[in-house]
Amino acid sequence: MSAGALGTALLTVVTGTFPAQPARAAPPGPVIRADTNRDGLITQDDQAGKDTWTRRRGALMLPNVDDDQRRCPTAGPEGARLPDERLADCNDATDTVVNGPADLADLAPVHITAVPRVMAGTTATVAADPASRKHVRIFAERRGRMVPLRPDDRLTTDELRHGVRLGVEARDFVRDPRKWAGFTDIVLKVELGGAMTEDRVRLRVAPLVFQHDLMPVQHMMTADHSTSPVEVERGKHYDPAVQPRPVRPGEAAFRRDLRRGLDRAGLPAPLYNYPTGGDVWMQDLFKAAYASIPAPGGREHRVTVILRSADVMPGTATPDFPLRDASRSAFPLLRGPGTGVIQQYDPQRVGSDDSLYYGSFSSTGNFGTVPPYTWRGHRHPVGRVIYGGTGGKESPDASFTRMLAAQGYQRPIPVDTSWLGVGHIDEFLSFVPARNDRGWVAVVADPDLGRKLLEDLVERGRGGEPLVRGIAPEDTEDPRLTVADASRKPSLTQGTEIARKGIDSALRTLREQTGLTERHVVRVPALFDRLDVPAGYPRRDVVANYLPGAANGVSTGTGVYLAPRQHAPERDGRDVFERAAEKALSGTGTRIIWVEDWAYSHHLGTVGGEVHCATNALRSLSGTRPWWTERD
């Protein structure tokens with residue numbers, strides 16, 4: 001098949017069959033059309049209202065941010081590290097060619113209708129409106145190839161007689177609506193003998209949509225501590241499915257239990273490794289998202305987007321390398337066909353020590369997604385973004401959250417997490433599938449339940465037993481702490497009160513924003529400890545999980561929840577915290593697989609972290625619901 005026939009065939013697959021004649025209501029002469037009614041085809045049904053855009057009707061284009069032919073470099077000459085901005089500044093939208101059949105499929109189809117009897121000497125131009133011109137690129141099929149069109153390039157009489165197939169790409173997402181709101185008008189100007197007619201069609205760039213926890217895990221990723229990001233950037237052969245030799249305490253047990261849990265979830269894909277050079281906190285490195293536009297047959301055509309964390313690291317950030325080093329591995333390892341990697345941060349934060357004193361609110365572990373729901377007649381088919389922060393210094397990077405809000409869908413919900421030592425929302429909240437009207441429940445840490453379980457043990461004469469079970473004394477904060485001691489220890493009593501207020505506030509926000517009710521909440525036991533912060537530290541009354549936080553787990557999307565093993569005291573041969581959590585989830589259809597993470601992540605550093613903190617996931621997009629089906 002010739003290149004021209006191949007391009008035409010592929011474009012037909014993406015767009016469907018185009019009509020040979022303009023719509024009955026169209027003006028005389030060639031007209032321009034796109035998929036205004038969002039059925040994945042271009043027909044005369046797209047004529048009406050094509051020059052406007054609403055949430056119900058209007059053509060869409062993809063941000064073409066993947067790298068379909070893996071042409072983007074990851075290192076400079078002689079293996080020199082590329083600055084963060086240089087590393088990110090390469091994708092299929094940064095060149096002026098169509099990078100193969102897959103890249104062709106990423107172009108939004110636009111068609112200039114054929115007018116076989118157009119008068120000799122008639123010519124035309126096609127261009128984006130001046131305000132959006134630098135944000136989009138238009139290609140035209142000419143002599144069997146898709147070539148870029150400049151604003152002053154002329155379409156010939158012969159081309160207008162046969163019709164012209166165009167493809168449009170957005171060169172980026174909306175990042176700041178004050179600079180670009182995501183719309184473009186593609187304007188067709190037809191000229192004969194000094195007379196000119198004009199026709200136009202409006203397109204909007206598809207929004208960035210966060211994945212959510214009801215989607216089945218496709219690949220779960222854990223940190224490879226033995227390989228540094230710079231090694232894979234410089235071209236070291238790296239197979240993420242080959243498990244490295246464990247080098248950290250507890251790593252073998254952590255991986256073993258994750259594998260067991262994925263098997264129970266019916267997810268046979270191997271655990272994937274991600275080179276971090278020693279950074280345990282996989283969830284804080286990036287967030288997985290996607291963008292999609294309509295395709296024939298009611299399908300979605302998607303590009304996966306890895307959104308790099310906006311962590312500007314105190315003490316190590318420089319203008320060339322401002323962001324967390326381990327997150328750079330996303331470029332050589334994940335960027336490629338169908339997947340892009342982007343970053344958004346405020347460069348003025350470089351050199352600031354705010355995150356050292358106020359918590360790592362910009363880490364992507366502080367971002368989640370409320371799953372799809374309907375409330376008060378409003379449908380949210382892709383859910384809502386949720387993150388922790390107060391709006392002041394105890395908040396994520398403002399340019400990052402501004403970009404999320406600018407997408408226009410998944411309207412972000414901020415909740416106050418300033419009471420947490422790290423400040424991440426995953427320390428007390430996650431979501432799992434459930435058999436109820438919404439199809440999910442929120443798994444929420446309950447410090448009162450944790451305290452009550454300890455008090456019950458004291459009443460049963462078990463107060464003299466160690467609080468932490470099954471862990472070597474040298475690996476606990478206070479090896480002599482008993483259940484009775486814990487029930488009256490000031491830092492745990494104060495931690496319970498601080499956490500209760502913080503969690504109640506977060507749930508109140510979710511009730512107000514999403515209509516969350518108590519029947520959509522599953523409470524699991526937790527034990528929070530008030531941290532002893534140094535004099536002069538700007539944040540006071542902050543807490544962390546003393547025992548592993550069961551709410552800090554991972555939903556596999558298939559009815560299995562991977563939660564950290566609790567190591568609480570036993571009653572009748574069962575861990576009292578684990579039994580309480582299993583009972584709480586028993587009516588949802590989701591079951592818990594316990595993962596040993598004490599040495600690997602829970603008892604690491606000042607506040608530690610759990611299963612969710614130490615993993616990341618790419619989820620299957622096969623069952624997504626189109627974001628454009630939302631109704632105002």
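Where a number appears in this text, it was derived from the coordinates with a stated rule and is not lab data. These numbers were taken from a predicted model, which means no experiment stands behind them. For neighbour counting, all protein chains shown are included, and Cβ atoms are generated from backbone atoms with ideal geometry for every residue, glycine included.
Table for the structure above
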quantity	calculated
Net charge over other residues, Cβ less than 13 angstrom from the Cβ of Ala310 (K, R count +1; D, E count -1)	0
Sequence ranges 416-426, 186-196, 128-138, ranked by mean other-Cβ count within 10 angstrom, highest first	416-426, 128-138, 186-196
Gyration tensor (alpha-carbon) shape descriptor, segment 115-271, a/c threshold 1.5	prolate
Phi to ³J(HN,Hα) by Karplus 6.51 cos²θ - 1.76 cosθ + 1.60 over segment 414-424, Hz, x for Gly, Pro	x, 10, 6, 10, 5, 7, 9, x, 8, x, 9
10 Å-binned pair-distance histogram of segment 471-591 (Cα, whole percent)	11, 34, 37, 16, 2
The chain: angle of helix 447-459 to the longest principal axis, Cα-based, in degrees nearest 10	20 degrees
Order of Leu547, Leu271, Leu41 - criterion: other Cβ atoms within 10 Å of each residue's Cβ, fewest first	Leu271, Leu41, Leu547
Fraction of antiparallel bridges per DSSP, the chain only, in percent to nearest 5	75 percent
Calculated FRET value between Leu192 and Arg55, using beta carbons and R₀ = 41 Å, to 0.05	0.60
Mean projected area in nm² (Cα convex hull; one quarter of hull surface) for the chain	30.3 nm²
Principal-axis tilt of helix 576-585 within the chain, Cα atoms, nearest 10 degrees	40 degrees
For segment 65-93 versus segment 481-559, the gap between their alpha-carbon centres in whole angstrom	42 Å
Cysteines not pairable in the chain (beta carbon separation under 4.7 Å absent)	Cys613
Exposure proxy ranking, count of Cβ atoms within 10 Å, fewest first, for Arg150, Arg308	Arg150, Arg308
Whole-Å distance, taken between Cα centres, linking segment 254-286 and segment 430-472	25 Å
Centroid-to-centroid separation of segment 111-173 and segment 322-341 [C-alpha atoms, Å]	34 Å
Neighbour-count ranking [beta-carbon atoms within 10 angstrom, fewest first] of Tyr290, Tyr373	Tyr373, Tyr290
